[in-house]
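Here's the structure, in structure tokens; my notes come after.
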Amino acid sequence: MYALYQARLLALNACDFGDLLLHGLNLLKNNRDILEKYQAQFKYILVDEYQDTNAVQYLWLRLLAQKRKNICCVGDDDQSIYSWRGAEVANILRFEKDFPGAKTIKLEQNYRSTPHILAAASGLIDANSARLGKTLWTELDDGEKVRIIGVWDGPEEARRVGEEIEAVQYKGETLDSIAILVRAQHQTREFEDRFIQIGVNYRIVGGFRFYERAEIRDAIAYLRIVNQPADDLAFERIVNVPKRGVGDKAVEKIHIIARAERAPLSVAAARLVGTDELTGKARKSLADLVVDIARWRDEAATMSPANLTRLILDESGYTAVLQAERSVEASGRLENLSELARAMEEYETLGEFLEHVSLVMDNDRGDTGASVTIMTIHAAKGLEYDNVFLVGWEEGIFPSQRALDEGGLASLEEERRLAYVAITRAKRKCTIIHAANRRIYGQWTSSIPSRFIEELPLDHIEAEQSMTGGASLWRANWSEQSDPFAHLAAANQGRSNARGPGWQRAATSGGFNPRPQRIAENTRSAVSLGNKGRSDLSIGLRVFHEKFGYGAIALIEGNKLEIDFEQAGRKRVMDSFVSLS
């Protein structure tokens, strides 16, 4: 594919972003006179953020600087955190080998953070083997030690951070001086919900608020159409998401029927699939969607909202599309969808959850006033805040298990550099929080504190435990009889395990397959809503159809007609698409 792609670019006399560097590099390598021209033109070369350069940029620099050797590179090997987009920390580590005799000037005085924060970060990064090494120092007062707080679970983590922020506000400090740094975007949801509940302004930097992300809006649109068949905006959003071959022309026909009959789009679609107006993939895909929506609506009565969401995402093909993409972005979207389902476990019904989402999305505070900043550690690089909360410091979350699985020791060292960056964002106070339990895929899972916490020097940290807990704490320490949350668990379990009579489990795929009779029932129930035909049509009447031409009505069934067309033969069509000839 790459060879074909490059050949096509060449034929078009075009190049992509990567080629802007690659073609230039080849030009310098293969043409001595051109290389010498630019070596003479650029007498001095200064490179900033050298630790973030990639392989091609590195080779550019070596070629341009090898004659005069007047090159100055500025960077911090301990802040190389972008290998996933091509950065090579080795570039800065081997600089002195590439340019023998180069003078190294270590900028070790720090003007941002207190001695305790710097010492904690320095002690952590010392565990990395691939680094040049430096000793940070500052003239600032010692300040507070780095706090390590252990909480019972994720909800308590959000509550504790909220209480700490309220205490800071009470002292007269502004919310703009506070930041919450997460390893992955999906971690923001719990904090967003909590802050809306207690009335704390917040902003998401480098991304969207949780419920504004595209994949979350898609999933919620599916849930809205299941909860309310007349939600036309939701239907429009999901009718071809993921792509199922229902194009603009098919959607236009659905709109025509909906307008003519004053029916919701989902009902109009159900009627359309019973005709010959659509052919091929569009007709089959739309029919499958209509049946699925009707079946999911039945399941909503017996299945918990969280499990219903997982079922819809799987059966709609949404999950499979993201899994097949195999990219960092797709993995992040899958994590967000898992977090959405986890959030729904706290609600009894789908309607209750959708009401909550409406309140959250209506709560658009904007960024006009002082706000707590929530962002990933990657997005925080180069920024600074008086008070920083580093949350989710547990094995598997930070360091990221996916990063360790894919990159081994090299990825572990980059994760440690990321932790170093996180700590050094704090100017006066740094608080690291880890939870003993996380709810993953509906199950409470014990969490182990991040190895990075163990690597922090004891002289510069103070640790405490805050186990106020919640539903998970009761279940861990008391029997189900004395558990005040037992009735909720039993109700959820009952809904999760309940299956309709028309279902059978597919042994091969691990999913669910509807039996034929359930499909027929769902289709009939979806079509039967307000199925009233036109009063100006009668059997034998000659009519015109834009697609099939002229014909005579042979059968009338509600708003559906069977017409013997002069050229196309007998077809089943909607009465909205015919006119009197």
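The values are calculated or read from the model by the stated rules, or taken from the named source; none is laboratory data. Note that this is a predicted model, so its numbers are computed, not measured. Glycine gets a Cβ as well: all are built from the backbone with ideal geometry, and neighbour counts include every protein chain shown. Note: accessible area is taken over every heavy atom of the protein model, side chains too, but ligands, DNA and RNA are not part of it. Shrake-Rupley method; radii C 1.70, N 1.55, O 1.52, S 1.80 Å.
Please state the charge dipole magnitude for the chain, taken about the Cα centre, from unit charges on C-beta atoms (+1 on K and R, -1 on D and E), reported in debye and rounded to the nearest 20. Walk me through the numbers on the way to the answer.
Values: 74 positive and 83 negative charges, 434 e Å.
Here the chain has a charge dipole of around 2080 debye.
Quick check: the distance between the Cα centres of the range 38-81 and the range 330-360, to the nearest angstrom?
Distance between centres, Cα-based: 47 Å.
Calculate, for SER538 and LEU233, the FRET efficiency according to 1/(1 + (r/R0)^6) with r their C-beta to C-beta distance and R0 35 Å; round to the nearest 0.05. Write down the numbers at each step before the final one.
Values: r = 37 Å, r/R0 = 1.07.
Efficiency, from the Cβ-Cβ distance: 0.40.
What number, in nm² with one decimal, is the all-direction average of the projected area of the convex hull of the alpha-carbon atoms of the range 269-311?
On the way: hull surface 13.1 nm².
That works out to 3.3 nm².
Can you give the longest run of the chain that contains no chymotrypsin sites (Phe, Trp or Tyr not before Pro) sitting in a DSSP loop with at most 15 other Cβ atoms inside 10 Å?
Details: sites that count: PHE42, TYR44, TYR111, PHE208, TYR441, TRP478, PHE485.
Free of exposed loop sites, the longest segment is 209-440.
Grab every C-alpha pair in the range 210-264, bin the distances at 10 angstrom width from 0 up to the longest one, and report whole percents.
So the P(r) values, bin by bin, are 23, 49, 25, 3.
Evaluate the Debye formula for the range 51-157 with equal point scatterers sitting on the alpha carbons, no solvent, and hand back log10 of I(q)/I(0) at q = 0.14, 0.15, 0.17 Å⁻¹, in q order, two decimals.
Log-scaled intensity ratios, in q order: -0.73, -0.80, -0.94.
Per-residue accessible area for ASP126 at 1.4 Å probe radius, Å² rounded to 10?
100 Å²
Based on the alpha-carbon gyration tensor of the range 350-422 and its eigenvalue square roots a ≥ b ≥ c, which shape applies: rounded if a/c is under 1.5, prolate if not and a/b is larger than b/c, or oblate? Intermediate results must be reported in sequence, preceding the final value.
Working: a/c = 3.49, a/b = 1.57, b/c = 2.22.
Because a/c hits 1.5 or more and a/b fails to exceed b/c, the range 350-422 counts as oblate.
Take the cross-link list LYS103/LYS381; LYS284/LYS560; LYS106/LYS429; LYS37/LYS103 and give me the ones stretching past 20 Å between alpha-carbons.
Working: LYS103/LYS381 27 Å; LYS284/LYS560 18 Å; LYS106/LYS429 26 Å; LYS37/LYS103 27 Å.
From LYS103/LYS381; LYS284/LYS560; LYS106/LYS429; LYS37/LYS103, over 20 Å: LYS103/LYS381; LYS106/LYS429; LYS37/LYS103.
Please say if the range 111-196 is rounded, prolate or oblate, where rounded means a/c under 1.5 for a ≥ b ≥ c the square roots of the C-alpha gyration tensor eigenvalues, and otherwise the choice is prolate for a/b larger than b/c and oblate otherwise? Let's see the in-between values first.
Working: a/c = 2.48, a/b = 1.52, b/c = 1.63.
Verdict is oblate for the range 111-196.
With only alpha-carbon atoms counted, please give the Rg and Dmax of the chain, in Å.
Both quantities, over Cα of the chain: 30.7, 98 Å.
What is the sum of charges around ARG402, taking Lys and Arg as +1, Asp and Glu as -1, for the other residues whose C-beta is under 11 Å from the C-beta of ARG402?
Working: positive: ARG183; negative: GLU335, ASP405, GLU406, GLU415.
Around ARG402, the charge tally is -3.
So what J values fall out for the range 125-137 if you push phi through Karplus, 6.51 cos²θ - 1.76 cosθ + 1.60 with θ = phi - 60°, rounded to Hz, Gly and Pro as x?
6, 4, 6, 7, 8, 8, 7, 7, x, 6, 10, 6, 8
Using helices alone, what [θ] at 222 nm do you get for the chain, with -39,500 (n - 2.57) per DSSP H run of 4 or more residues, divided over all residues and rounded to the nearest 500? Don't skip to the end; give the middle numbers.
On the way: 24 runs with 266 residues, N = 581.
The per-residue figure over the chain is -14000 deg cm²/dmol.
Compute the length gained on full extension between ALA167 and ALA214: take 0.36 nm times their separation in residues and subtract their Cα-Cα distance, giving the result in nm to one decimal. Can you show the working numbers first?
Numbers: separation 47, 0.36 × 47 = 16.92 nm, distance 3.45 nm.
The span from ALA167 to ALA214 would gain 13.5 nm if fully extended.
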